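Peer 1: Questions regarding the structure given below will be posed in turn.
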Amino acid sequence: MELDNPVPDEPLLFLKAPSSLLGPGGVVRLPEESDRVDFEGEFALVVGRRISRTSPESALDAVLGVTLACDVTARDLQKRDRTFTRAKSMDTFCPVGPRLETDPDWDNLELQTSVNGEVRQQGRAGDLIWGFGELVSYASRYMTLEPGDLVLTGTPAGVGPLADGDRVEISSPQIGSLKFGVAGGLR
């Protein structure tokens, strides 16, 4: 489990602002307001049609496909706040890509995160606490999901801090490699 936190009884929901999105090859900007910004390599499910209160069994029917994402988090701000909005929604804090896999082998998707060429995370979809259908269904109970919405799925063990000059690669044999840089000085 990420950061050795106990497994919650239900998935934890948080929102990322659209301004946090960053395309492949972009640069995550480290904010002056945080002393620790972490990477979290994840799968990102792309919603293909509007859904509300869908069942886990039918949730994946509404998903257009899967890609890779990094849930960049200002860990010190996350610990200080009651909600995760500030810590997870800063500009550039959600690199996504490189391509959308529309016909995945859902149970056998693999993910690996490397920082400066050193593998830090490895995981499989089958290792997730909640399956893809369960996550989409759960989110759709509390908010209507619209086409283009992303549902990030959770991260394998091994998250850690980012520093100015780091190069991050999140890869999956089925999806490709999401690469991005890291630089200080978000203003």
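Peer 1: Is it the case that some residue within the range 114-122 is of a type outside the set (S, T, N, Q), over 14 Å from Leu178 (Cβ atoms), crowded, with 20+ Cβ neighbours inside 10 Å and touching a residue at least 24 places away in the same chain (Cβ under 8 Å)?
Peer 2: No, every residue in the range 114-122 fails to be of a type outside the set (S, T, N, Q), over 14 Å from Leu178 (Cβ atoms), crowded, with 20+ Cβ neighbours inside 10 Å and touching a residue at least 24 places away in the same chain (Cβ under 8 Å).
Peer 1: Which members of the range 137-176 meet the condition of being of a type in the set (Asp, Glu) and loosely packed, with under 14 Cβ neighbours inside 10 Å?
Peer 2: Glu146, Asp164
Peer 1: Just to be sure before I move on: is Arg86 out of contact with any strand residue (DSSP E or B) (no Cβ under 9 Å at 6 or more places or on another chain) and surrounded by fewer than 21 Cβ atoms within 10 Å (Cβ to Cβ) in the structure I sent?
Peer 2: For Arg86, the condition - out of contact with any strand residue (DSSP E or B) (no Cβ under 9 Å at 6 or more places or on another chain) and surrounded by fewer than 21 Cβ atoms within 10 Å (Cβ to Cβ) - is not met.
Peer 1: Right, another one. For the range 1-46, name all the residues that are within 15 Å of Cys94 (Cβ to Cβ) and among the β-branched types (Val, Ile, Thr).
Peer 2: Val27, Val28, Val37, Val46
Peer 1: Under 8 Å between Cβ atoms, at least 6 apart or on separate chains: pull out the pairs that start in the range 53-64 with a residue that is at positive phi and end on any residue that is assigned to a helix (DSSP H, G or I).
Peer 2: Pairs that qualify, where the first residue is at positive phi and the partner is assigned to a helix (DSSP H, G or I), are Arg53/Ser140; Arg53/Arg141.
Peer 1: Next up: Mind checking which residues of the range 71-84 are under 14 Å from the mean Cα position of the chain (by Cα) and under 21 Å from Tyr138 (Cα atoms)?
Peer 2: Scanning the range 71-84 gives Asp71, Phe84.
Peer 1: Here is a further query. Take the range 1-54 and flag every residue that is small (Gly, Ala, Ser) and over 27 Å from Arg167 (Cα atoms).
Peer 2: Correct list: Gly48, Ser52.
Peer 1: Exactly one condition in (1) assigned to a strand (DSSP E or B); (2) more than 14 Å from Leu135 (Cβ to Cβ); (3) not hydroxyl-bearing (Ser, Thr, Tyr) is not met by Asp61; state its number.
Peer 2: (1)
Peer 1: Shifting gears a bit: Is it fair to say Arg82 is part of a loop (DSSP other than H, G, I, E, B) and farther than 24 Å from Gly131 by Cα?
Peer 2: Taking the combined requirement at face value, the residue satisfies it.
Peer 1: For the range 7-57, how many residues are surrounded by fewer than 16 Cβ atoms within 10 Å (Cβ to Cβ) and of a type in the set (Val, Ile, Thr)?
Peer 2: Residues in the range 7-57 being surrounded by fewer than 16 Cβ atoms within 10 Å (Cβ to Cβ) and of a type in the set (Val, Ile, Thr): 2 in total.
Peer 1: Please enumerate the residues belonging to the range 157-178 that are within 14 Å of the chain's Cα centre (by Cα) and among the charged types (D, E, K, R).
Peer 2: Once the filter is applied, which keeps residues that are within 14 Å of the chain's Cα centre (by Cα) and among the charged types (D, E, K, R), the range 157-178 yields only Glu169.
Peer 1: I would also like to ask the following. Check whether at least one residue in the range 51-66 is within 14 Å of the chain's Cα centre (by Cα), among the aliphatic types (A, V, I, L, M) and more than 17 Å from Val136 (Cβ to Cβ), and report yes or no.
Peer 2: no
Peer 1: Select, from Gly154, Gly126, Gly97, Gly185, the only residue that is closer than 22 Å to Pro18 by Cα, modelled with pLDDT under 95 and either more than 14 Å from the chain's Cα centre (by Cα) or assigned to a strand (DSSP E or B) (or both).
Peer 2: Residue meeting the stated conditions: Gly185.
Peer 1: Moving on to the next point. Tally time: how many residues in the range 112-123 are hydroxyl-bearing (Ser, Thr, Tyr) and part of a loop (DSSP other than H, G, I, E, B)?
Peer 2: 0
The values are calculated or read from the model by the stated rules, or taken from the named source; none is laboratory data. Treat the numbers as computed from the prediction; the structure is a model and nothing was measured. Note: ideal-geometry Cβ built from the backbone for every residue, glycine included; neighbour counts use all protein chains shown.
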